[in-house]
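Some notes on the structure that comes next.
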Amino acid sequence: MSDDTILKIRNLKIDGKTGDEWLPILKGIDLDLKRGEVLGVIGESGAGKSTIGLAAMGYTRGGCRISGGTVDFEGTDLVAASETYRRKLRGKKIAYVAQSAAASFNPAHRLIDQYSEAPIQHGVMNTTEAESDATELYRRLQLPNPDEIGFRYPHQVSGGQLQRAMTAMAMSCRPDLIIFDEPTTALDVTTQIEVLAAIRDAVEQFGTAAIYITHDLAVVAQMADRIQVFKLGETIEEAETRKMLSAPEEDYTKSLWAVRSFKATAKPKPPADEVPIVELRNVDAAYGATPVLFDVNFKIHKGRTVAVVGESGSGKSTAARCITGLLPPTKGEILFNGEALPPGYRQRNKDQLRQAQMIYQMADTALNPKQRIEDIIGRPVGFYLGLSGKAQRERVRELLDLIEMEPDVYMHRFPGELSGGQKQRIGIARSLAAEPQFIICDEVTSALDQLVAEGILRLLDKLQIDLGLAYMFITHDLATVRAIADEVVVMQHGKVVEQGPKVEMFKPPHHPYTDLLLSSVPEMDPGWLTNLLGARERGEIVDAKAAGASDN
Amino acid sequence: MHPILKMALQRLALGVFTLFVVSIIIAGAVEFLPGDLAQEILGQAATPEAVAAFRAEVGLDKPPVERYFSWLGGVAQGDFGTSLATKRSISELISARLGNTLFLAGFAAVIAVPLAVTLGMLAALYRNSWFDRLINVSTLSSISFPEFFVAYVLILFLSVGYGFDARWVLAVLGLFLLVEGFGAVREGMKIGRFSMFGSVFGLLGLALVVNAVFGWWSYQVGAVQAFPSISNISPDASFSERIYRSFLPALTLTLVVTAHMMRMTRASIINLMASPYIEMARLKGMPPGRIIVKHALPNALAPIINVIAINLAYLITGVVVVEVVFVYPGLGQLLVDSVSKRDITVVQGCCLIFAATYILLNLTADILAIATNPRLLHPK
Amino acid sequence: MTDATNDPTALSADAQAPRVEQESRWTTIRRAFRTAPLTAWFGMIVIFLYIVTAIFAPLLAPFGEKEIVGDAFDVPGSEYLLGTDQLGRDMLSRMIYAARNTVGIALLTTILSFLLGSFLGMLAAVLGGWTDNILSRVVDVLMSIPQLIFALLLLTILGANVVNMILVIALLDSTRVYRLMRAVGMNIVVMDYVEAAKLRGEGLWWLIRKEILPNAMAPLIAEFGLRFCFVFLTIAALSFLGLGIQPPTADWGTMVRDNAQLITFGEIIPLYPAGAIALLTVAVNFVVDWMLHRSSGLKE
């Protein structure tokens, strides 16, 4: 290794305590980082990404221990070094940017004081210098009102801005290395762009080395010079970004890359006079006195998938609550096969309830942890179709076959004994058990790792073709929309801003907000962010302010 | 209006309203009795004349609303009416005793609050150390003890004691247990296990040694008893005399309340130290002391204040039993006496005072918690 | 269309399922016991001994509960192991019978308080709206008076006897159970599986019995232990003050009161019943502490 290696991790092993036993989280990791280089660390949940990020600072969370290996930072092994030595490095030489800025800022202090803390305590600057430096960095990171924003408290600043303020804070001592731990995961796509651009510029300007941890391939493609792929505490593969994207070697990596290739079967357009299964007509809704939906109209036809797209707070889930009757609309009506449904679910009869089913985002909370799979699926079978005893069990077995899970293995298990993807399949089986015509899928894949999500999408597509189901697919993820939708409804601030068949939606011209949304979805091309920012600068594509979606 | 002021005023209004409702309950509880209170209290053998006289005396012959407002009017002016049993003015009965009770509770609080908060924070900061586990076991035990158990153990050790010779024998035994017990705990810690029996023996030993030291001290000052087991305080007693005489009841209350307060302080600090912003401070390389003072403490104020208020309110309940054990002339003793005599007017007066103190403490905690919340201090 | 099961990548990704160890409940429980700390073992053994004593009191006690066998305040000896009380009844026999009386009455009171509190708390959580508002305000007011003080007030009016004491304490203590049940219930009611059941058209009874209660059991059982301790101590305090369990029924609180003056002569007799109370509450608390620690996901 040449002299410009700043971080050299060798055979690092970290264990985590589960109950009374220590289980390995990292199983002997090697990692190298040169001065000024950005390394992308990518992997699914449980890969040990955050653990390695913290370990690079010589830090382990409570309940974890380093059981072997070295973390060599600028020639000193941090595992063997004293806590005092490590403390002097942290914040000064190595800094950290956490996933949730809102939780990681101390609510009791102003942003600028938290910024100045590290430089002052490490003796790099005095108070005046630190404060003027803060303003300077806030400006570079394109925070609005850089002279003033530092004097606010964390809860007075929006999420995207906080994330940039935290990046500024990490840079306050001009460290040699910054660890970014999923810094944009909690943000909406349109906000994410700004934060990504700010982080990249800052890292480039100061020539800081960085470890960028994420589960999002497209994001890491924009940020990293080199990518290291992790799985269950082990390195799978490591290469330059472009090489890794174009020619991955390992099967696991290839499978990660392949996710985006799935496309659902295209379906013919319904005849113009066909009565839609579900139709929303001029629907308004409110939570208490706060209106959240304004004159929402859309139709869902038999055998087709309508994707409802929007960022958090756009009203897409509220629209679903109106259809299910959990939130009776204040105005307008919901038609089912051309007949108006009673507004509240309590007034609907068993058949009306049976026809519209729902699959939830969090499979963990969607299944009762104290019921066995056969009871979870068996209940709607018994409740709606009146089957009991042997007939009910037979039907449950059929349903499990349908969702490609072995009945004999899974019938008697509890949800806690299944993986995330399997739980989501059980959720699907439960909704199928009612033999509905229409299913609402509320962000069904967003809590899952990409490969698992892919399997769920394939399954839903197959079921749709076999059973002629209509789907309302609520999502914020345009990649999912591309994969599965027949029609797209774009929502913003409780209104439908644009709707139409998918083929048309992904071709310009667009409503400015659709444009922003579409252009903000990161792509695998490493040059994408640069090109996009350039195009926005030149006014070829709308930016956030023009679309009224700014986080500021 | 500043949101803090607004919220504080809202809480204050709510507190006053609660007090009003509580006064209605205390005054109106009599109405809920199925049957006639006068007959019930005087017994089946009472003559109709006696019953009628009793009714007139308590005011049962007047309509409830009128009775309530005249009572409330009196209370507002410091007049709680007259005792049914002794015919004396309740205000007189209460005033001297209220002072004694407040003195006792204050005495206990002055020792307990700083002690509990400090030890609770130490236990949280040195979590899972032998010190923390020792504190966990001993506080868990002492919150499980009835107040009178603690009181009698203290009397036995600090007041009457055993004979002089026996005490020295016990002290040697205590020293042995102390060394062996804590030695076992230390050894256990090295291999990551906690020796409960070690700690129990150690504590027992410690108690015996302390007992012997007190015995020696009381022998030196020539007292037969180290501390009096009966805290009869005369109104004209000097301050030091009061401290001396109320030492055992105050110590009992302190022990009971400290355990509660320590556990709650520990829990809220641990909760706080798990926040991402504390981890962030660590990752910024801040020294542990600064993390506690600058990052944890400003956010810990509200929960700690809450813990203190809850436990001071708890003192009120504890005071009743402790006063009876030590025959301490306070409000609790008066209340218990009056309950057994079914002296309803006195009971009402005492209950109102206890309830008002309790509500006031909770209200103070609420308002202080609001005033120390940074999110409310600096609204959007 | 490729079938997901034929797609090796989909399977490999899903293979990070929790390592399912198909084990029976008994295995789980046995393992829990094996890893229980010493304090929990101590607690369980003590509770077991108390239960045995309470059930077999007549067989264990050398004399009858209310039987006067000798002189008052006889010293402990071979005949009367713990001596006799102020009326000349055998202390040991009364201690043993009191296990049955005191623990039994406390248990009954706790059960009453639990039935009332958890039923209303559940109702408030599931129905919400007005039901919740009214119930919660009533509970707020009841809780704004210190419990022991309120109990004393009510006992003055109703008259101090065992039945009134059980009812009064059960009522006042149920406010705490209500608060817990409501909070736990509220957390469960917002779960998607409850929403799914509601949307399926399930009735109130099903929601409570099948969806909410099974998931609320763990905190409720721990709370039962804590409430029992609290009720037990309150009853002991009231009996000690002479307002609870009445003579000649053998009861630890009353026994402390009756023999209290002995302490000033350096006799530790009053500490036996007081210690019996303390030991049981310590034991229950140790066990509850362990259970809470386990259900909090074995953190730390």
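We did not get these values from a lab; they are worked out from the coordinates using the rules stated. Keep in mind that what you see is a predicted model, and the values were worked out from it rather than measured. Counting neighbours? That spans all protein chains shown, and the Cβs are built from the backbone with ideal geometry, glycine included.
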Item checked: Most positive-pole-ward Cα, C:ALA106, C:GLY129, C:ILE55, against dipole of the stretch C:39-296 from beta carbon charges -> C:GLY129
Item checked: Likely footprinting exposure, C:LEU112, C:LEU155, B:LEU102, fewest C-beta neighbours within 10 Å first -> B:LEU102, C:LEU112, C:LEU155
Checklist line | Contour excess over end-to-end distance, with Cα ends at A:GLU274 and A:GLU204 and 0.36 nm allotted per residue | finding: 19.5 nm
Item checked: Spread of Cα-to-Cα distances over 10 Å intervals beginning at zero, given as percent, for the stretch A:2-258 -> 7, 30, 36, 21, 5, 0
Check: A:LYS350 versus A:THR84, label points 7 Å from Cα toward the beta carbon: distance in nm?
Finding: 7.6
Next item on the list: Could you check the simple spin-label distance between C:ILE268 and A:ASP466, using points 7 Å along Cα→Cβ, in nm with one decimal?
Entry: 7.5
Item checked: Inter-centroid distance (Cα atoms) of the stretch A:148-171 relative to the stretch A:379-401, Å -> 54
Next item on the list: Project the alpha carbons of chain A onto their principal axes and report the range along each, largest first, in whole Å.
Entry: 72, 53, 45
Next item on the list: Identify, among B:ILE344, B:VAL210, B:PHE247, the residue whose Cα sits farthest towards the positive end of the charge dipole of chain B, taking +1 on the Cβ of Lys and Arg and -1 on the Cβ of Asp and Glu, with the dipole about the Cα centre.
Entry: B:VAL210
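Just need the relative contact order of the stretch A:398-501 here, percent rounded to a whole number, with Cα pairs under 8 Å and 6+ apart.
Values: 82 pairs, mean separation 22.3, N = 104.
Relative contact order for the stretch A:398-501 comes out at 21 percent.
For C:30-41, what's the mean count of beta carbons from other chains sitting within 10 Å of each residue's beta carbon?
Working: counts 0, 2, 0, 0, 1, 2, 0, 5, 6, 9, 1, 1.
Mean number of neighbouring Cβ atoms from other chains: 2.
Could you please report the charge total around A:GLU204, scoring K, R as +1 and D, E as -1 over all other residues with beta-carbon less than 12 angstrom from its beta-carbon? Let's see the in-between values first.
Details: positive: A:ARG140, A:ARG200; negative: A:GLU37, A:ASP201, A:ASP225.
Here the count lands on -1.
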Next item on the list: Could you work out, residue by residue across B:335-341, how many beta carbons of other chains sit within 10 Å of that residue's beta carbon, and then give the average as an integer?
Entry: 5
Next item on the list: From the C-alpha gyration tensor of chain B, pull out the three semi-axes of the equivalent ellipsoid (sqrt of 5λ each), sorted largest to smallest, in whole Å.
Entry: 44, 33, 17
Next item on the list: Note down the nm distance, to one decimal, between modelled labels 7 Å out along Cα→Cβ at A:VAL503 and at A:MET524.
Entry: 2.5
Next item on the list: Answer with one residue from A:ASN368, B:VAL319, A:PRO248: the one whose Cα lies farthest towards the positive end of the charge dipole of the protein assembly as shown, charges on Cβ with Lys, Arg +1 and Asp, Glu -1.
Entry: B:VAL319
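Ratio to report: Rg/Rh of the stretch C:135-294, with Cα atoms as the point set and Rh obtained by the Kirkwood method; give two decimals.
Numbers: Rg = 20.2 Å, Rh = 18.3 Å.
Taking Rg over the Kirkwood Rh, I get 1.10.
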Checklist line | Cα centre as origin, Lys/Arg/Asp/Glu Cβ charges: the protein assembly as shown dipole, Debye | finding: 620
Next item on the list: Could you please state, rounded to a whole Å, how far the C-alpha centre of the stretch A:229-254 is from the C-alpha centre of the stretch B:257-332?
Entry: 51
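For the protein assembly as shown, what does the equivalent ellipsoid look like in terms of its semi-axes, each the square root of 5 times an eigenvalue of the Cα gyration tensor, given largest first in whole Å? Numbers along the way, then the final one.
On the way: eigenvalues 767, 291, 194 Å².
So the equivalent ellipsoid measures 62, 38, 31 Å along its semi-axes.
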Note to self: Mean-square fluctuation check for chain B, GNM, Cα pairs under 10 Å: which of B:GLY198, B:GLY74, B:GLY332 is largest?
What the structure shows: B:GLY74
Margin query: In Å and on Cα atoms, what radius of gyration and Dmax does chain C show?
Written below: 24.9, 96
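What relative contact order, as a whole-number percentage, does chain B give when Cα pairs under 8 Å and 6 or more residues apart are counted? Numbers along the way, then the final one.
Numbers: 413 pairs, mean separation 96.6, N = 380.
Over chain B, the number comes to 25 percent.
What ranking, highest mean first, results for peptides B:301-308, C:235-242 when packing means the other Cβ atoms within 10 Å averaged over each residue?
For the peptides B:301-308, C:235-242, the packing ranking is C:235-242, B:301-308.
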Next item on the list: Run the dipole for the stretch C:39-296 about the Cα centre, Lys and Arg Cβ at +1, Asp and Glu Cβ at -1, nothing else charged, and hand back the magnitude in debye, nearest 20.
Entry: 820
Checklist line | Sequence-distant residues sharing a close amide H with A:VAL38 (under 5 Å, placed H) | finding: A:ALA210, A:ASP225, A:ARG226
Checklist line | ³J(HN,Hα), Karplus 6.51/-1.76/1.60, whole Hz, each residue of the stretch C:247-258, x for Gly, Pro | finding: x, x, 4, 6, 7, 4, x, 5, 5, 4, 4, 5
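Around B:TYR126, what is the net charge, scoring Lys/Arg as +1 and Asp/Glu as -1 over all other residues with Cβ under 12 Å from its Cβ?
Numbers: positive: B:ARG127, B:ARG133, B:ARG266; negative: B:ASP132.
Cβ neighbours under 12 Å give a net charge of +2.
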Check: Where does each of B:LEU251, B:LEU9 land when they are ranked from fewest to most other beta-carbon atoms within 10 angstrom?
Finding: B:LEU9, B:LEU251
Notebook entry, point to check: Counting only other chains, what is the mean number of Cβ atoms within 10 angstrom of the Cβ of each residue in peptide B:139-145?
Noted result: 6
Check: Order of B:LEU255, A:LEU385, B:LEU248 from fewest to most other C-beta atoms within 10 Å?
Finding: A:LEU385, B:LEU255, B:LEU248
Next item on the list: Can you list which of the trypsin sites (Lys or Arg not before Pro) found in the stretch A:259-300 are DSSP loop residues with at most 12 other C-beta atoms within 10 Å?
Entry: A:LYS263
Notebook entry, point to check: So who's got an amide H within less than 5 Å of the one on B:PHE145, skipping anything under 5 residues away but keeping other chains? H placed 1.01 Å off N, in plane.
Noted result: none
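If packing is taken as the average number of other Cβ atoms within 10 Å across a peptide's residues, how do A:157-170, A:181-194 rank, most packed first?
Details: A:157-170: 25.0, A:181-194: 21.4.
Sorting A:157-170, A:181-194 by mean packing, highest first, produces A:157-170, A:181-194.
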Check: Once every DSSP H run of n ≥ 4 in chain B is given -39500 (n - 2.57) and the sum is divided by its residues, what mean residue ellipticity at 222 nm do you get, rounded to the nearest 500 deg cm²/dmol?
Finding: -25000 deg cm²/dmol
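Please compare each pair in A:LYS13/A:LYS93; A:LYS27/A:LYS93; A:LYS92/A:LYS243; A:LYS263/A:LYS331; A:LYS267/C:LYS210; A:LYS350/A:LYS423 to a cut-off of 29 Å on the Cα-Cα distance and tell me which ones are over it. If you can, show how the numbers build up before the last one.
Numbers: A:LYS13/A:LYS93 23 Å; A:LYS27/A:LYS93 27 Å; A:LYS92/A:LYS243 33 Å; A:LYS263/A:LYS331 37 Å; A:LYS267/C:LYS210 41 Å; A:LYS350/A:LYS423 26 Å.
Too far apart for the 29 Å limit: A:LYS92/A:LYS243; A:LYS263/A:LYS331; A:LYS267/C:LYS210.
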Note to self: Under 10 Å, Cα contacts only: if you run a Gaussian network model on chain B, which one of B:PRO329, B:PRO288, B:PRO235 comes out with the highest mean-square fluctuation?
What the structure shows: B:PRO288
Notebook entry, point to check: Which far-off residues, 5 or more places away or on another chain, put their amide H under 5 Å from the one on A:SER67, with H placed in the peptide plane?
Noted result: A:LYS13, A:ILE14, A:ASP15
Check: Rounded to the nearest 20 Debye, what is the dipole magnitude of the stretch A:290-429 about its Cα centre when Lys and Arg each give +1 and Asp and Glu each give -1 at the C-beta?
Finding: 340
Notebook entry, point to check: Local charge sum around C:PRO270 (other residues, Cβ-Cβ under 12 Å, Lys/Arg +1, Asp/Glu -1)?
Noted result: -2
Note to self: Starting from 0.36 nm per residue, how many nanometres of slack lie between A:SER132 and A:LYS263 once their C-alpha separation is accounted for?
What the structure shows: 42.0 nm
Note to self: Just to check, using Stokes-Einstein with a Kirkwood Rh over alpha carbon pairs, what's the diffusion coefficient of the stretch A:61-191 at 20 °C and 1.002 mPa s in µm²/s?
What the structure shows: 136
Note to self: Defining a contact as two alpha carbons under 8 Å apart and six or more residues distant in sequence, what relative contact order in percent does the stretch C:39-296 show?
What the structure shows: 25
Notebook entry, point to check: If you average over every viewing direction, what projected area does the convex hull of the Cα atoms of the stretch C:111-177 give, in nm²?
Noted result: 4.4
Next item on the list: Once you've got the GNM for chain C with C-alpha springs shorter than 10 Å, pick whichever of C:LEU123, C:LEU87, C:LEU233 has the biggest mean-square fluctuation.
Entry: C:LEU87
